[in-house]
Amino acid sequence: MRKMATIRKIDALRPIVGADAIECAIVGGWTCVVKKGEYTAGDLAVYCEIDSFIPTAIAPFLTKPGHYAKTFEGVEGERLRTMKLRGQLSQGLLLPVQHTEGGLYWITNTTGTLDSVLEGDDVSEAFGITKYEAPIPAAMAGEVKGMFPSQIPKTDQERVQNLSVEFAQWVEEGLHWEVTEKLDGSSMTVYVIDGEVGVCSRNLDLKRNPDNSLWRAAIKYGLEDKLKIAGGNLAIQGELVGNGIQGNIYKMRDQDFYVYDIYDIDAGRYYTPAERKAFVAVFGLNHCPVLAYSAELYDTLGITTLEQVLKFAEGHSVMGDIVGPTREGLVFKCHEKAVSFKAISNKFLLKGGE
């Protein structure tokens, strides 16, 4: 589960050219604009990631004067987005924590009581902060059979900005990575468990219905039969893109399913890039675009810093027209270790994507 609000250390503060009242705080690989003088380097603070839905009770200043707060899951508040302030990229929100001379740190939770906290603690629940999820179009919602199966992990790679220490180590180790384009569509999982085939959206298991977009794609590619032929308990995970989905940035007339992961439920592990590549080839499925099958971050791609990998994530999609739209980003999956991360294009985010 993605941690939307955590106790983090402010690594550094740097000035913003031409700005007297604000400055830039560095938290891991994130940059966040804050009021000048509110924090010092080394302070602990609550860092809320982009895509967090922040209740108005926690941060009423996020709602513009004269505007009404938005509502998500019955709570009034605002969604955090990537933005630029005085030319500085700002991603997320910092909220102060209280501290005592004894070195203890405290937050005031939504009930008005104090909770002691340590660096790294997840305080999303204490503040009532959740991940914003866009409404599901009616054609994709379907009739619910149950919740997403607990035996299958949900697909949501960690953002590279939260992995600054690990990233530096991976560069040094010279690991090899599969690099794929992250498609802008709707997450879809097709599974077989004890002979029963199911289709899921990000959070829900859906009843079989050919009129539902997700089930229609599963039927189109014969996934019910192919999963049973493969044997064992498996889950194929991918992105459904095309007409009627996320604005259809690829200008597709129909909808298509692109595989990016296969999970072996019995073994409790994801297929390696090589295993997934073979499976997709044998069963005639689409794979999300592969930009590099086995690349070292430094020797192959010339990447040594977070800034460079985020810049590398920018560019045009290989989907769609001759010159595709701004791509959402890239996903890196390691060949030698069970580790992965995603780098979302800041150009894509500034356009209002994800």
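The values are calculated or read from the model by the stated rules, or taken from the named source; none is laboratory data. Quantities reported herein were computed from a predicted structural model and do not represent experimental measurements. Note: ideal-geometry Cβ built from the backbone for every residue, glycine included; neighbour counts use all protein chains shown. Calculation scope for accessible area: heavy atoms of the full protein, side chains included, ligands and nucleic acids excluded. Shrake-Rupley method; radii C 1.70, N 1.55, O 1.52, S 1.80 Å.
Summary of values
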item: Number of the exception - Glu328 against (1) surrounded by fewer than 18 Cβ atoms within 10 Å (Cβ to Cβ); (2) under 22 Å from the mean Cα position of the chain (by Cα); result: (1)
item: Matching residues in segment 317-340 - criterion: being over 19 Å from Ala295 (Cβ atoms) and part of a strand (DSSP E or B); result: Thr326
item: Pairs where the first residue, in segment 258-280, is without any contact (Cβ under 8 Å) to a residue 60 or more places away in the chain and the second is acidic (Asp, Glu) and surrounded by fewer than 16 Cβ atoms within 10 Å (Cβ to Cβ), C-beta under 7 Å, 6+ apart; result: Tyr271/Asp264
item: Selection within segment 174-192 - open to solvent by 10 Å² or more (accessible area, probe 1.4 Å) and free of Cβ contacts under 8 Å to residues at least 60 places away in the same chain; result: Ser187
item: Filter result for the condition that a residue is among the aromatic types (Phe, Trp, Tyr), touching a residue at least 12 places away in the same chain (Cβ under 8 Å) and touching a Pro at 6+ places or on another chain (Cβ under 8 Å), over Tyr293, Tyr298; result: Tyr293
item: Looking only at segment 17-44, and only at residues there that are more than 25 Å from Arg159 (Cα to Cα), touching a residue at least 60 places away in the same chain (Cβ under 8 Å) and outside any strand (DSSP E or B), the one that is farthest from the chain's Cα centre (by Cα); result: Gly18
item: Any hit, segment 200-207, residues being among the charged types (D, E, K, R) and assigned to a loop (DSSP other than H, G, I, E, B); result: yes
item: Residue under evaluation Lys3, criteria (1) open to solvent by 50 Å² or more (accessible area, probe 1.4 Å); (2) within 20 Å of Phe127 (Cα to Cα); (3) part of a strand (DSSP E or B), criterion not met; result: (3)
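This table checks each residue for (1) modelled with pLDDT of 95 or more; (2) closer than 30 Å to Gly268 by Cβ; (3) open to solvent by 50 Å² or more (accessible area, probe 1.4 Å).
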| residue | (1), (2), (3) |
| --- | --- |
| Leu297 | no, yes, no |
| Leu306 | no, no, no |
| His316 | no, no, yes |
| Gly324 | no, no, no |
| Lys333 | yes, yes, no |
| Leu350 | no, no, yes |
